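What follows is a short report on a single structure.
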Amino acid sequence: MSLTSTLTSTPNQNEVVLACNNISRWFGGLHAVKHVSMEIRKGETLGLVGPNGSGKTTTVNAITGFFPPQEGEILYMGRPIHKLRPHEVAQQGIARTFQNVALFKGMSVLDNILLGRHNFMKPSVLSAMFYWWSAQKEEVKNRNKVEEIIDLLQLEDVRDEMVDVVPLGTQKRVELARALAAEPQFLILDEPMAGMNQEEKEYMVRFILDAKEALGLTILLIEHHMDVVTAICDRLVILNNGEKIKEGLPLDAISDPDVVAAYIGRVDHAAA
């Protein structure tokens, strides 16, 4: 499969799923995100890109409640979420993967994916006492959902392997599976192709597109690989030094002189 030949879906432009309105976040004297505004529409894949240190992950951490914005607001389906804690954000139907693989070592692939179902598990002493009537049904339901995700991402062959011993590309797929197990409507992918070779990247692109189509997802994608973002993103928002410097269609955005300068520096042409 060629990344450049991948088709993107047409988003529904009438419904805004997530809106960041003039958000800012700083750490001491470092102004990491400066008055950033953006909207993500239902069914869209929006790419959030920029050089290292541009504020991408800080923006995602603001959305997911890890480091809430100190100015501005974040709306999800029209409701403010910028004051919610991370687990409360997750309960709204938002899931994410992380830039560095954040799986639980010493546990199997299956058990790691099952952890994505924590919002649907309601343990109690009473349900444990009546396991065969109550808790067992819940366990079976959660396991069935996980098996669907395992089939979707083709993880059958490694489902019982310790996650420590599977390749990095597979670990990234397991992390994606764990996020999908939470049944999100809005999925945030933080550099899902980091450390992958070309073949692994192409497989991951296919799995992301399959999951989006099968589950009706809206996706915010952070990624450094421009062949990936131009292949699967409907629009790009480009940050530099914590500020939004460009927003638009992928090929138009990455060819903008300000964007080129942010990545490789400005070239001053001597007068002829």
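The values are calculated or read from the model by the stated rules, or taken from the named source; none is laboratory data. Note that the coordinates shown come from a computational prediction; the quantities given were computed from them, not determined experimentally. Glycine gets a Cβ as well: all are built from the backbone with ideal geometry, and neighbour counts include every protein chain shown.
Residue-wise test of (1) surrounded by fewer than 21 Cβ atoms within 10 Å (Cβ to Cβ); (2) more than 15 Å from the chain's Cα centre (by Cα); (3) closer than 14 Å to GLY50 by Cβ.
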| site | (1), (2), (3) |
| --- | --- |
| ASP190 | no, no, yes |
| VAL237 | no, no, yes |
| LYS246 | yes, yes, yes |
| LEU249 | yes, yes, no |
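For ILE208, the requirement of being at pLDDT 95 or above, of a type outside the set (Gly, Ala, Ser) and more than 20 Å from the chain's Cα centre (by Cα) is not met.
From the list SER134, SER108, exactly one residue is at pLDDT below 70, farther than 30 Å from ASN52 by Cα and either among the polar types (S, T, N, Q) or surrounded by 15 or more Cβ atoms within 10 Å (Cβ to Cβ) (or both). Which is it? Don't jump to the end; show me each part of the working.
On the way: SER108 fails: at pLDDT below 70.
None of the others qualify; the one that does is SER134.
When segment 56-105 is limited to residues that are surrounded by 14 or more Cβ atoms within 10 Å (Cβ to Cβ), among the aliphatic types (A, V, I, L, M) and within 28 Å of VAL163 (Cβ to Cβ), the one that is modelled with the lowest pLDDT turns out to be VAL101.
Residue count for segment 47-89 satisfying the condition of being assigned to a strand (DSSP E or B), within 17 Å of PHE186 (Cβ to Cβ) and in contact (Cβ under 8 Å) with a residue 60 or more places away in the chain: 3. Of the residues making up segment 1-46, those that are closer than 13 Å to CYS233 by Cα, modelled with pLDDT under 90 and polar (S, T, N, Q) are THR4, SER5, THR6, THR8, SER9, THR10. Scanning segment 111-129 for residues that are surrounded by 12 or more Cβ atoms within 10 Å (Cβ to Cβ) and either in a loop (DSSP other than H, G, I, E, B) or at pLDDT 70 or above (or both) turns up ASP111, ASN112, ILE113, LEU114, LEU115, GLY116, ARG117, HIS118, MET121.
Please go through segment 28-44 and give me each residue that is in a strand (DSSP E or B), touching a residue at least 40 places away in the same chain (Cβ under 8 Å) and at negative phi, ordered by number.
HIS31, ALA32, VAL33, LYS34, VAL36, SER37, MET38, ILE40, ARG41
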